[in-house]
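Q: Here it is, the structure in full.
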Amino acid sequence: MGSHTSPSASHQNGDEIQVEPIDPLHDIDGTKTLVWVSVFVILVFGGVWLLGGSFGYFLDQEQKEKVWDREPTELKALRAQEDDQLHKQEDLGGGKQRISIEEAMRRLAEQK
């Protein structure tokens, strides 16, 4: 049967086929290598940039949901207490009326 030959890497001398030896120093195609390395570097850094951006976005969403959108129970209790005190009606000498903000602040200052 026939022998395997590579048309581009062989020379024919009569009946004998000679294959050029492999030269590792000259087998690397610099242009293709530069293109592949450049594409790989761009993809790696682009992927890291996208992941970093999405991580920051999700971190901000979690912080907004768990910190800024949630009211603590102490704050609700304090607001309820202040609302009760500001909306309280008392007889100040001319029938029942709401107390003024100045009066409420004076009373709060006396309590502390």
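The values are calculated or read from the model by the stated rules, or taken from the named source; none is laboratory data. Computed from a predicted structure; not experimentally measured. Neighbour counts are summed over all protein chains in view; Cβ atoms, including those assigned to glycine, are modelled from backbone coordinates with ideal geometry. The protein model used for the area step is the full one, side chains on, heavy atoms only, and it has no ligands, DNA or RNA in it. Shrake-Rupley method; radii C 1.70, N 1.55, O 1.52, S 1.80 Å.
Q: Once phi is turned into ³J(HN,Hα) by the Karplus curve 6.51 cos²θ - 1.76 cosθ + 1.60 with θ = phi - 60°, what whole-Hz value does each residue of the stretch 78-84 show in order, with x for glycine and proline?
A: Each residue's phi maps through the Karplus curve to give 5, 5, 5, 5, 5, 5, 4 Hz.
Q: Moving to a separate point now. Determine, from the Cβ-Cβ distance of PHE58 and SER100 and an R0 of 41 Å, the FRET efficiency 1/(1 + (r/R0)^6), rounded to the nearest 0.05.
A: 0.25
Q: Run down the aspartates and glutamates and flag those whose C-alpha is under 16 Å from the C-alpha of LYS88, throwing out any fewer than 8 positions away in its chain.
A: GLU102, GLU103
Q: Quote the accessible area belonging to LYS32 in square angstrom, nearest 10, computed with a 1.4 Å probe and with ligands, DNA and RNA left uncounted.
A: Only protein atoms counted, so the area is about 130 Å².
Q: Just tell me which aspartates and glutamates come within less than 19 Å, Cα to Cα, of LYS32; anything on the same chain fewer than 8 places away is out.
A: Cα-Cα hits under 19 Å: ASP23.
Q: A further question on this structure: Using a 7 Å offset from the Cα along the Cα-to-Cβ direction at both LEU50 and ASP29, what is the distance between the two label points in nm, to one decimal?
A: Roughly 2.7 nm, to one decimal.
Q: Ranked by accessible surface with a 1.4 Å probe, highest first, in what order do HIS87, HIS26 come?
A: Final ranking, largest accessible area leading: HIS26, HIS87.
Q: What does the accessible area of SER54 come to, in Å² to the nearest 10, when a probe of 1.4 Å is used?
A: The accessible area of SER54 comes to roughly 40 Å².
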